[in-house]
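Colleague: Before we start, here is the structure in question, set down as structure tokens.
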Amino acid sequence: MTRTPRSRLVLAGALVCLLFLAACSSSKPVKFNSDAFFDAIFQPDQFIINGLILTVLISVISQIIGIFLGIFGALGKISRRRVPRYLANAYIWVFRGTPLLVQLVFFYFGLSAIHIFNWPDITIAGFTITGAIQAGIFALGINEGAYMTEIIRAGILAIDPGQMEAAKSLGMTYGQSMRRIVLPQAARIIVPPLGNEFNNMLKTTALLFVLGIQELYNTFVIKQGNNFLPFEMYLACAVWFLLLTTIWGVFQSWIERRLSKGAPGTQQQGPGLAQRFFGLRGSAPAPDAASTAGTH
């Protein structure tokens, strides 16, 4: 049964009330250190800021790697040659069929244990990138590439094949046709699921704590171990992740609105914030003159 936006809000409010009543009915008094919680949000120390910056940087770099791998993987899947097609299918099969957590520990601890690659620290422009961070970015990027392959492939196949034929008739090579004609048009289709993948990437970085990387989640794990306030610290960590994904949601909405301008069969305005975050639907847009011309 499909729930209306109002029923969703009612269910969410009822859940909050139940949690509040459960806390109030507890036999032991609830002790909440509001100072520690609000300081972690509104007055974060350098430890939290460093974890926040590291989380964003790892997410961006890993997503970029995933996009490039996804492009090559998608081209391999739609290739007429067997070898690229088999390699792309095997790549997707392995990295979509195994847990990301297993991939992380395999690439970092597994490869180092048998001395295939020991992930030495590297220094770039005065900044030291530890082996754990390198392995984490590598694993996240390769794993993301497997998912981006299917997203980009679907975007390419959604473009009219006549576009490729027209490009070839103009003397363009396959690479030029993809780069100048097909991929720019497919970007409008790829961006929404790509934005969702990056949203997920921001949260997936929390798994890097198994490698000892002090990203945002591990930062609060260490802090709650020092101040013995797990409820306040983990709640603050959740708020920070919610803030990151909300900011990205706003930016993604702006990108989608920009790409939807002038596109046939699409609204001039992309999904609003209320619709994106809460599923609320606005009023239906009035039909323009072009869409109603010739109708009786």
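The values are calculated or read from the model by the stated rules, or taken from the named source; none is laboratory data. Everything numeric here is computed off the predicted structure, so don't read it as measured data. Quick reminder, even Gly has a Cβ in these numbers, built from the backbone with ideal geometry, and neighbours come from all protein chains shown.
Colleague: Given 185, 103, 163, 176, which one is without any contact (Cβ under 8 Å) to a residue 40 or more places away in the chain and surrounded by 15 or more Cβ atoms within 10 Å (Cβ to Cβ)?
Modeller: Of 185, 103, 163, 176, the one residue that is without any contact (Cβ under 8 Å) to a residue 40 or more places away in the chain and surrounded by 15 or more Cβ atoms within 10 Å (Cβ to Cβ) is 185.
Colleague: Are any of the residues in region 53-68 more than 21 Å from residue 196 (Cβ to Cβ) and of a type in the set (Ser, Thr, Tyr)?
Modeller: Looking through region 53-68, none of the residues is more than 21 Å from residue 196 (Cβ to Cβ) and of a type in the set (Ser, Thr, Tyr).
Colleague: Follow-up. If I ask for residues that are more than 14 Å from residue 55 (Cβ to Cβ), aliphatic (A, V, I, L, M), surrounded by 14 or more Cβ atoms within 10 Å (Cβ to Cβ) and within 16 Å of the chain's Cα centre (by Cα), which ones from region 223-252 would you list?
Modeller: None; the set is empty.
Colleague: Of the residues 118, 50, 89, which single one is under 24 Å from residue 223 (Cβ atoms) and of a type outside the set (A, V, I, L, M, F, W, C)?
Modeller: 50
Colleague: Name, by its number, the condition in (1) closer than 30 Å to residue 104 by Cα; (2) at pLDDT below 95 that does not hold for residue 291.
Modeller: (1)
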